[in-house]
1. I'd like the residue in region 283-320 that is over 15 Å from Gln240 (Cα atoms) and of a type in the set (Asp, Glu) and, out of all such residues, is least open to solvent (accessible area, probe 1.4 Å).
2. If Ser300 satisfies all but one of (1) touching a residue at least 12 places away in the same chain (Cβ under 8 Å); (2) within 16 Å of ligand 1 (Cβ to nearest atom), what's the number of the condition it fails?
3. Give the residues of region 58-89 that are in contact with a Phe, Trp or Tyr (Cβ under 8 Å, 6 or more places away or on another chain) and either more than 23 Å from Ile149 (Cβ to Cβ) or open to solvent by less than 40 Å² (accessible area, probe 1.4 Å) (or both), sorted by residue number.
4. Of the numbered conditions (1) open to solvent by 10 Å² or more (accessible area, probe 1.4 Å); (2) within 27 Å of Ser230 (Cα to Cα), Val154 fails exactly one; give the number of that condition.
5. Please count how many residues of region 192-223 are free of Cβ contacts under 8 Å to residues at least 12 places away in the same chain and either within 11 Å of ligand 1 (Cβ to nearest atom) or under 21 Å from Arg375 (Cα atoms) (or both).
6. Looking only at residues in region 137-151 that are polar (S, T, N, Q) and open to solvent by 10 Å² or more (accessible area, probe 1.4 Å), which one is farthest from ligand 2 (Cβ to nearest atom)?
7. Can you work out which of the residues in region 204-242 that are crowded, with 18+ Cβ neighbours inside 10 Å and not in a helix (DSSP H, G or I) is nearest to ligand 2 (Cβ to nearest atom)?
8. For region 100-111, which positions are within 12 Å of ligand 1 (Cβ to nearest atom) and not in a loop (DSSP other than H, G, I, E, B)?
Amino acid sequence: SEHFYEERGALAFFMEEKKSWKMENWYRHLRLKHDVLMSESKPVGGAWNFDKENRKNWRGEPTPNSLRRPKHDHTKLWGEIVESGITTFGNPTSEAFQWPLSREESLVMLKDFCSANIRFFGDYQDAMSVKHQTLFHSLLSFSLNLKMISPQEVINTVVQELVEDRENIASIEGFVRQVLGWREYIRGIYWAKMPDYLKSNHFLFGRELPGWFWTGDVGMNCLSTTIKQSLNTAYAHHIQRLMIVGNFSLLAGLNPHDVHHWYLGIYIDALEWVEAPNTIGMSQYADGGVLATKPYVSSSAYINRMSDYCKGCQYSRKEKHNTKSCPFDTLYWDFLSSQRRFFDKNPRMAMMLKNLDRKSDEEKSLIANHAKVLREGIEEL
Ligand SMILES: Cc1cc2nc3c(=O)[nH]c(=O)nc-3n(C[C@H](O)[C@H](O)[C@H](O)COP(=O)(O)OP(=O)(O)OC[C@H]3O[C@@H](n4cnc5c(N)ncnc54)[C@H](O)[C@@H]3O)c2cc1C
Ligand code: SF4
């Protein structure tokens, strides 16, 4: 259909003879095939990938422009839901539902994104801040997934911006990579690997989600901020989903199927074809590496580098493996240590394992003991 560039089975066909299903190969193939950001079969700007330029943290400047978002009054509908006694969670914002419900409203958001925020999308796409929930992101996934606008028109409109601003190739390529590369790739994985994909549980993790996943009432500022934002707005951007909630879920050993259902229930743009591979594959590595070449896990160092969450947190990055220290740090080292048999031969994990090996036996034992305390006391974090 016009709502995707490729047929459902195209990724599997393209990857048939290939050893690993690398997104990058697929992305370059689609750039060439659909003539997106190409000039005489060469990538515009002289490179396929400007990812290295897209890794800045955001400290309050530049100011993101507010996208003109619709406000729909759904109080009557919400009243009926409440009266029917249906159990709900989060904040429905029924008096001012902010998501587009028509093609016209979606096009306004696309236009606003291009005139206001695409300029800085690339630079700050991985940044997170308590001061701003959406930064320079497009908020277009809902419109795309609900088929109110097509990926072709989104990409054509964004690429048109390059004519206005030749300097902005890193941002525009970064955005095209998300829609043409990742979105088409994720969909291809879904149709190639289902239905068994949903049952994947590489690490055999089975811990229940803590109750605070439904309230955000947790002392870890990064998780509290992201979960509360998600419950209130049905939105978190990619790095919040991947490196805050997903990262914690994997390090804590939560059941990947429960995690999958949580994401499916929380986000406005969640449809199974796109949510499941992102959660089960990219975020929880439950598929054993079909989608991601290594698990997306980090200690607090990454979170602190890319956000301002740690400043307002009750946990300290300076303390080590005790009740005051950052739980991410203990859980991260414990995950690497307890699951290392899966990673020993993975060259992309070599640096992480080398750092683990530098730790003394005494610290390793502290880590293992405190990780146990954290997992058992997960409700109290
Ligand atoms: C655990 C997890 C669960 C996710 N669940 C969903 C989901 O249910 N629905 C969904 O649409 N996206 C999902 N994503 C991908 C991504 O986080 C969202 O598409 C993005 O945050 C939507 O916000 P945006 O429109 O402002 O995106 P922007 O940052 O502005 O990106 C532009 C567009 O690129 C596309 N895109 C970017 N990354 C991906 C990706 N990994 N997979 C597919 N499309 C992508 C989206 O259509 C998005 O609108 C998930 C990611 C993770 C890590
Ligand atoms: S100190 Fe740890 S728990 Fe607190 S915000 Fe930073 S990473 Fe999150």
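The values are calculated or read from the model by the stated rules, or taken from the named source; none is laboratory data. All of these numbers come straight from a predicted model, not from anything done at the bench. Note that each Cβ is placed from the backbone with ideal geometry, even for glycine, and that neighbours are counted across all protein chains shown. Please note that ligands, DNA and RNA were not included when accessible areas were found on the heavy atoms of the full protein model with its side chains. Shrake-Rupley method; radii C 1.70, N 1.55, O 1.52, S 1.80 Å.
1. Across region 283-320, the extreme among qualifying residues is Asp287.
2. Only one criterion is unmet by Ser300, namely (2).
3. Keep residues of region 58-89 that are in contact with a Phe, Trp or Tyr (Cβ under 8 Å, 6 or more places away or on another chain), which gives 58, 62, 64, 67, 69-74, 89.
Listed by number, the residues that qualify are Trp58, Pro62, Pro64, Leu67, Pro70, His72, Asp73, Phe89.
4. Result: Val154 fails condition (1) only.
5. 2
6. Step one: list which residues in region 137-151 are polar (S, T, N, Q), which gives 138, 141, 143, 145, 150.
Then drop every residue that is not open to solvent by 10 Å² or more (accessible area, probe 1.4 Å), which leaves 138, 141, 145, 150.
Details: Ser138: 26, Ser141: 25, Asn145: 30, Ser150: 38 Å.
That would be Ser150.
7. My answer is Met220.
8. Going residue by residue through region 100-111, those that are within 12 Å of ligand 1 (Cβ to nearest atom) are 100, 106, 109-110.
Listed by number, the residues that qualify are Ser106, Met109, Leu110.
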